[in-house]
Every structure is written in structure tokens, then in C-alpha cells.
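Peer 1: Provided herewith is a single structure, encoded as C-alpha cells, for subsequent inquiry.
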Amino acid sequence: MNAEGRNGIGSVGNIIAIIGFVVVVAIGLWGAVSAVRLAPKMFAVISDSFKDESPIALESSEPKVRSGDPLTLAWQDAKRDSGLYTISYNCVDGVEIQAPVSDTAFGIIPCAMPYAVAATDSSLKLIPLLHGKTEATIPIAIEYLSRDGSKIATGTTTVSVYTSTSATPVGTTPTTVKKPVATKTAVVSPATKPAPRPAPAPKPAGKPDLEVRFLGIGTTDPYTGAFMQRTSFAPHEVVSFKFDVINIGTARSGAWGFTAELPTNPPYHYDSPTQSSLNRGDHVEFTLTFSMPQYGNATVSVDPYNAVREISEGNNTLTSPTVSAY
């Protein structure tokens with residue numbers, strides 16, 4: 001009798017335990033389903049915390065500007081107390097934009113690469129340039145990012161650029177060109193006809209030789225405009241990489257170009273537009289500017305695809321001192 005009572009009590013306890021387990025499992029399944037349903041809303045809330053819905057009003061002082069002429073990019077935005085703005089433009093074949101590196105000098109901003117501007121600024125002077133084409137439309141974007149990365153706002157605009165040989169820009173009056181007046185050509189009598197000039201002596205054959213030389217890497221003092229060479233930078237600073245290309249050969253170089261690898265975050269590859277031919281002894285100085293530096297070296301390769309037949313190919317590459325970020 002006692003054994004049967006104990007067995008009855010044990011059976012009831014087992015049934016209660018099984019029912020409790022089923023209830024716990026059901027509650028767990030309900031919680032999992034609810035979590036799945038709520039997940040998109042949770043992620044949306046997290047995502048929205050990193051967005052600033054108010055756009056930045058961005059406009060150019062000149063909606064259509066001639067290649068090589070300056071324009072002012074201005075923006076209207078909510079009051080910002082920290083962080084920075086970045087300016088960037090889409091890569092368009094034959095197009096480059098320059099920004100000031102001092103009060104009197106401008107440097108190339110590589111396309112699709114953010115160019116840092118202080119949060120206290122509301123305008124930036126730029127110089128668009130065309131190479132090998134007469135007209136182009138350049139999309140330009142601005143983005144604001146707070147110091148802690150919690151606020152993001154963007155704005156966009158477009159600028160049309162033309163060369164002096166392209167069609168007349170909108171808003172200008174075409175100049176009337178007068179027809180040339182025919183002039184008489186004096187006839188020289190045989191008695192006074194000058195003696196023929198001797199044929200010029202053939203010029204000696206030669207080859208060009210492009211050499212790249214390091215000029216410096218550093219920043220430009222915003223107050224004095226002086227270039228200060230250094231290799232350690234803060235993430236928000238704009239770095240200027242200066243180098244010179246000279247033709248030390250014995251003939252014209254013909255058209256040429258260069259590529260550059262810049263130590264940015266992420267790393268950036270730059271392809272230059274086609275450059276004009278250099279005579280013997282001619283040289284041209286370049287300044288590449290970039291922001292968001294990271295540890296590494298800036299490198300330049302002149303005529304990387306060997307389009308120019310040179311005396312030497314061993315002087316076409318340059319590596320800067322190592323850059324570090326703090």
C-alpha cells in the first residue's frame with residue numbers, strides 16, 4: 001500500500017514537471033518570434049540614431065565656369081560645434097578640381113576622395129580644370145560628420161565647366177566676328193628677289209628623360225600660408241604632397257601622365273589626366289592634397305605605362321617619407 005502511494009505521488013510529480021517544461025518551451029518560442037518581429041524596428045532605431053535628416057544646402061557661386069577660373073562652394077547648415085565637413089566630387093574622365101593649400105597656391109583634390117574642411121567654415125574656393133575635353137558636368141557632394149560619429153548630414157550640387165574653345169556658355173552674348181579684309185601681296189621683281197636661304201642643318205636625334213623629384217610633405221599654416229614639412233598628422237588635417245617632374249633628356253617628351261598611391265583611410269589610387277609635352281629642361285611642380293591620413297608612404301610613378309621612350313626608366317618613381325597618424 002505504501003509503495004503504491006509513493007508511485008502515485010511520483011507519477012503526478014512527473015506529469016506536473018512535463019507540463020512545466022512545455023510551458024517554458026512555449027514561452028521561449030513566443031519570445032523568439034517576438035524578437036524576430038521587433039528586430040527590424042530595433043535596427044531601424046539604431047540606424048536612425050546615426051542620421052541627421054536635415055540636408056545641407058550646397059550651391060556654387062558659378063553654375064557654369066570656365067576651366068581654370070575659381071568658383072566658391074558655399075553651404076548653409078545647422079550650427080555645428082565639432083567634427084568636420086568633407087567635400088568630394090565624382091570621377092569624370094579629363095576632370096580634376098584643385099583646392100587651396102595656402103593663400104596663393106592650389107593643390108589637386110583626387111576624385112571620389114573626401115577633402116576635410118573645418119566645421120566652422122561655410123565656404124571653400126575651388127578651381128575646376130578640364131584636360132582633353134571642352135565641356136563637363138561635375139557632381140559635388142558635402143558631408144558633415146560629428147566628432148563622435150553620431151551625426152551625418154549631406155548635400156549635393158553640380159557645376160558645369162567649359163573651355164574657351166567650347167560653345168558659348170549660357171548667359172553670355174556671343175561676340176560678332178568681322179570678316180577679314182583682303183590685302184594685296186607685293187610682287188618682288190627678279191632683280192630684287194632675295195637669295196634662297198640654305199636648308200637648316202638636321203637636328204641631332206635624342207630621347208626625353210622624365211625624372212620625378214621629391215619637394216616635401218606636410219601641411220600649410222592657415223594664418224601665414226607657409227608650408228610646414230612634417231610626417232605626423234591628425235585625422236582631420238589636410239596633407240600636401242609636393243613633387244616636381246623634369247625632362248632631363250635631349251628631346252621633347254610628348255604627352256605623358258603619372259599615378260599616385262596616397263596613404264589615406266582607405267588607401268587611394270590616383271590617375272592623373274594627360275599632361276602637356278615637356279621640352280628639354282622644362283619642369284612642372286605638382287601638389288596632391290588629401291585628408292584622413294594613415295600610416296604609410298605616398299608614391300608617384302611617372303609614365304607608368306611606358307608611353308614615352310626615355311633614356312632611363314629608373315628615375316620615374318618616387319616614395320615619400322613614412323606618414324603616421326595620431
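Peer 1: Starting from segment 94-123, keep only residues that are surrounded by fewer than 18 Cβ atoms within 10 Å (Cβ to Cβ), then list their pairs with residues that are of a type in the set (D, E, K, R) and at pLDDT 80 or above whose Cβ atoms are within a distance under 6 Å, requiring at least 6 positions of separation or different chains.
Peer 2: GLY94/LYS133
Peer 1: Over 25 Å from ASP93 (Cα atoms), at pLDDT 90 or above and touching a strand residue (DSSP E or B) at 6+ places or on another chain (Cβ under 6 Å): which single residue out of GLY216, GLY249, GLY281 fits that description?
Peer 2: GLY216
Peer 1: Just checking: which of the strands (runs of 3 or more DSSP E) contained wholly in segment 214-326 hold 2 or more residues that are surrounded by 15 or more Cβ atoms within 10 Å (Cβ to Cβ), not assigned by TED's automatic domain parsing to the domain that holds GLN98 and not hydrophobic (A, V, I, L, M, F, W, C)?
Peer 2: Fully inside segment 214-326 and qualifying: 239-247, 258-262, 268-271, 283-290, 299-302.
Peer 1: If you don't mind, another one. How do the strands (runs of 3 or more DSSP E) wholly within segment 46-157 filter down when requiring 1 or more residues that are modelled with pLDDT under 85, aliphatic (A, V, I, L, M) and not assigned by TED's automatic domain parsing to the domain that holds ALA226: which remain?
Peer 2: Once the strands (runs of 3 or more DSSP E) in segment 46-157 are filtered for at least 1 residues that are modelled with pLDDT under 85, aliphatic (A, V, I, L, M) and not assigned by TED's automatic domain parsing to the domain that holds ALA226, what remains is 84-89, 115-118, 135-145.
The values are calculated or read from the model by the stated rules, or taken from the named source; none is laboratory data. What you see is a predicted model, and the numbers here were worked out from it, not measured in a lab. Virtual Cβ from ideal backbone geometry, glycine too; neighbours counted across all protein chains shown.
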